[in-house]
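Just so it is clear, none of the values below were taken in a lab; they were calculated from the coordinates. Please read these numbers as outputs of a predicted model, since none were measured by experiment. Quick reminder, even Gly has a Cβ in these numbers, built from the backbone with ideal geometry, and neighbours come from all protein chains shown.
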Amino acid sequence: MDGGSTDGTLEVLKRFPHLRVVSQPDDGIYDALNKGIRLAQGEVIGFLNSDDLYEQGIFGTVDLTFSNHPEIDALVGGASILQEKSTGDWELLATFPAVPQNELLVRATQGAPIFNAWFFRRQLFEEVGVFDTRYQYVADRDFLIRMAFQSRNYASLNRIFYHYRMHPGSFTLSGQDSGEAGFMFETRALAERYIRLEGIAAGDLRCIKSWHSQITAEQIVTAWRKKAIRRIFQYILVGFHYNPLGWPGIFMEKVIERFTVLLKGIFSQKNADYP
């Protein structure tokens, strides 16, 4: 799916005549992905951003796993995070293991689900639904939460599936650089939507409330750095409203975590200044 680009992407794609290319304007990345789902003809669907890479040979693994396990709705592997250096080379920053079985809700909320390391049966989107285009950043996370609530069956392989290449302007991280950025507000709104939803199992609700508390705690820390006192009190009220019993403890954990990171940075700088 190409959103009507003019940067030479279509010319490059013409070199691969076996690919089916659709180029047309869209209403954001998730609208484009929904169009791709509707047009897909294969049994299995994966999502790869234009900047990123699949691990070599991964399609064979995906095909074999789905063929041997007709009972699964999805398959997930691990992911690596690469950062572009000034030389043009790529430096490995981190790796994320595959989401373990029975831990989808925790990773979809409080962890890093790495959506592009997933492959899904096309039928799953007919049953769980496609991406909610009201969201700019978190519709993929919302989809995984819905999948977790329905207890859909998936396989988890201890192998890297996907390489995320981070550089200035990367969509996935560009909105996440601040606890008060649009990504965080949208994430909090998603959590609040599920907290208000009736019929959620008690354990799942505790997980969602914990996630919401972590988000508001992060927003408070960020507002404190910006000396935005009024917003600090707003976030405190929101945190207490949605999780009055659990929020204080989670907030203190976040403060201690950030303070520890700050101290490590100070001592590291002092050691560098005084060899």
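The table below gives the values:
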quantity: Helical mean residue ellipticity (222 nm; -39500 (n - 2.57) per DSSP H run of 4+; nearest 500) of the chain; calculated: -15500 deg cm²/dmol
quantity: Highest-MSF residue in the chain out of Gly36, Gly199, Gly46 [GNM, Cα springs under 10 Å]; calculated: Gly199
quantity: Dipole of the chain, positive direction: furthest Cα of Asn102, Trp90, Tyr54, with charges on the beta-carbon; calculated: Asn102
quantity: Folded to 0 to 90 degrees: helix 58-68 orientation relative to the chain principal axis, Cα; calculated: 80
quantity: Inter-label distance for Ala40 and Leu93, nm, one decimal - labels placed 7 Å from Cα along Cα-to-Cβ; calculated: 2.7
quantity: Stretch gain in nm, segment Ser151-Ser86, where the contour uses 0.36 nm per residue and the Cα spacing is subtracted; calculated: 19.0 nm
quantity: Most mobile of Pro17, Pro244, Pro100 in a GNM of the chain (Cα contacts under 10 Å); calculated: Pro17
quantity: Cβ charges +1 (Lys, Arg) and -1 (Asp, Glu), total dipole of the chain, debye; calculated: 860
quantity: Cα-based helix-to-principal-axis angle, 247-273 vs the chain, degrees rounded to 10; calculated: 90
quantity: Sequence of Ile229, Ile81 once ranked by neighbouring C-beta atoms within 10 Å, starting from the fewest; calculated: Ile229, Ile81
quantity: Helix 182-196 axis, angle to the chain major axis (alpha carbon atoms, nearest 10°); calculated: 90
